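The values are calculated or read from the model by the stated rules, or taken from the named source; none is laboratory data. Source: prediction; values computed, not measured. Here the Cβ is made from the backbone with ideal geometry for all residues, glycine too, and neighbour counts use every protein chain on show.
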Amino acid sequence: MGDRWVKVKGLLKYHEFYICLIILAFGCIVQAVSGQFFTANMAVSLCRYMMLPLFFAVGEMLAMVSVGTDVSFPAIAALSSFITTAYFKSIQYSGPVIIVFLAAGIIGFILGMINGFIIAKWRFPTLIVTLGTSTFFIGILNGPLKASNISGIAPAMEQFGKKVLITTTSSVTGFQSKLPAAFLLVVVLYIAVYLIMKYTLAGRGIYAIGGSISSANNAGFHVNRLIFGIFAVIGMLAGIGGALTTCTNYTFNSVDLIGTEMDIIAAVLLGGVKPGKGIGGLRNAVLGVMLLKMVQNNLLILGIPLYWQKAFTGIVIIVGMAISMRSIKEG
């Protein structure tokens, strides 16, 4: 009995434990109201709603764990996606869709290098730098490129977006939920990042920089190279994520991307990642996105008007952070 209590008490120190409790409690409330939460349909729908935020949350997690917040990824995603979508539509590309993602990733990588260079060389605050580059990228998108909505995307992109991995049908409502095959990209990404963060020198360096840049330098890590590489990779992930968004929506619309940074940042913070502290990981990003999407997509079921969505989401974030921070202090 004593050993079990010690284990339970140990769990109370973890941020993730409280987020899981909030997720479970919220799920039980939705189930009590609708009777449709703990169903295959809801599970598939939740995975579909989480798919794109999860992709962007990986990059934000890498930034926060190491040096700080990145707010430029939606602009990078929009600019990369517009260029690739416009080009591949112009040639009516119908080959392997991986070429589209590769092109978007390369453009995003180059744009991310700009962030990495400035932050690594001058050590300016990441929020200020990425806010500035975000404005610059959006200016290019709306200025010289005169970006507009693109419908009728390249056949390869549209066909990929329409591929379905799982389809479930509710026995009560007859409503179908479909999980796009694109979700597999998210799974592959998370496995790759997990292995890199856990088993490579670069992964250890990311946490070391977050703990203390001077200590990371003394430990032999090439801090400037790591910071440069982190933001280049974040840009690459944003570029691929932008192309993925276009594929799954069957159209390019910058509104689908610009302005999403606050939700992603909130989700990563809610999950337990501490900006610039070397604390957090993939599971924190997943839990944060899961809770945020659960709340945002079930408010109408609970009878809460849609215009209260942002306010209610903010309350959940504040309560979740307050509970977990209190538990950490008491632990």
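Residues checked against (1) closer than 21 Å to G59 by Cα; (2) among the small types (G, A, S); (3) modelled with pLDDT of 95 or more:
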{"site": "I140", "(1), (2), (3)": "no, no, yes"}
{"site": "G143", "(1), (2), (3)": "no, yes, no"}
{"site": "K146", "(1), (2), (3)": "no, no, no"}
{"site": "Q159", "(1), (2), (3)": "no, no, yes"}
{"site": "T168", "(1), (2), (3)": "no, no, no"}
{"site": "V193", "(1), (2), (3)": "yes, no, yes"}
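Candidates are the residues of the stretch 225-265 that are of a type in the set (G, A, S) and surrounded by fewer than 21 Cβ atoms within 10 Å (Cβ to Cβ); the one that is nearest to I138 (Cα to Cα) is G259.
Within this structure, T39 fails the test of being surrounded by fewer than 24 Cβ atoms within 10 Å (Cβ to Cβ) and within 18 Å of F228 (Cβ to Cβ).
Taking the stated definitions as given, is S171 loosely packed, with under 13 Cβ neighbours inside 10 Å, out of contact with any Pro (no Cβ under 6 Å at 6 or more places or on another chain) and assigned to a helix (DSSP H, G or I)?
The answer is no for S171.
Within the stretch 67-105, the set of residues being within 24 Å of I265 (Cα to Cα) and out of contact with any Leu (no Cβ under 9 Å at 6 or more places or on another chain) comprises V67 only.
One residue alone among G320, G303, G331 is under 20 Å from F37 (Cβ atoms) and modelled with pLDDT under 70, and that residue is G320. On the stretch given as the stretch 211-245, residues that are within 19 Å of the chain's Cα centre (by Cα) and of a type outside the set (A, V, I, L, M, F, W, C) total 6. Residues in the stretch 273-286: is at least one closer than 14 Å to L52 by Cα, part of a helix (DSSP H, G or I) and touching a residue at least 24 places away in the same chain (Cβ under 8 Å)? Within the stretch 273-286, one or more residues are closer than 14 Å to L52 by Cα, part of a helix (DSSP H, G or I) and touching a residue at least 24 places away in the same chain (Cβ under 8 Å). Of all the listed residues (I206, I258, I191, I264), the sole one being in a loop (DSSP other than H, G, I, E, B) and under 19 Å from the mean Cα position of the chain (by Cα) is I258.
Within the stretch 195-224, the set of residues being among the aromatic types (F, W, Y) and surrounded by fewer than 18 Cβ atoms within 10 Å (Cβ to Cβ) comprises Y199, Y207.
Within the stretch 39-61, identify whether any single residue is modelled with pLDDT of 85 or more, outside any helix (DSSP H, G or I) and in contact with a Leu (Cβ under 9 Å, 6 or more places away or on another chain), and answer yes or no.
If we filter the stretch 39-61 for residues that are modelled with pLDDT of 85 or more, which is where we start, we get 39-61.
Pick out the ones that are also outside any helix (DSSP H, G or I) and you get 39.
Imposing the further condition that a residue be in contact with a Leu (Cβ under 9 Å, 6 or more places away or on another chain) reduces the set to none.
No, the stretch 39-61 contains no residue that is modelled with pLDDT of 85 or more, outside any helix (DSSP H, G or I) and in contact with a Leu (Cβ under 9 Å, 6 or more places away or on another chain).
The set of residues in the stretch 70-103 that are within 30 Å of K274 (Cβ to Cβ) and not in a helix (DSSP H, G or I) comprises D70, V71, S72. The listed residues are I213, I206, I191, I227, and the only one of them that is of a type in the set (V, I, T) and farther than 20 Å from I119 by Cβ turns out to be I191. Annotation note: of V129, V97, the sole residue that is under 24 Å from the mean Cα position of the chain (by Cα), β-branched (V, I, T), at pLDDT 95 or above and closer than 30 Å to C47 by Cβ is V97.
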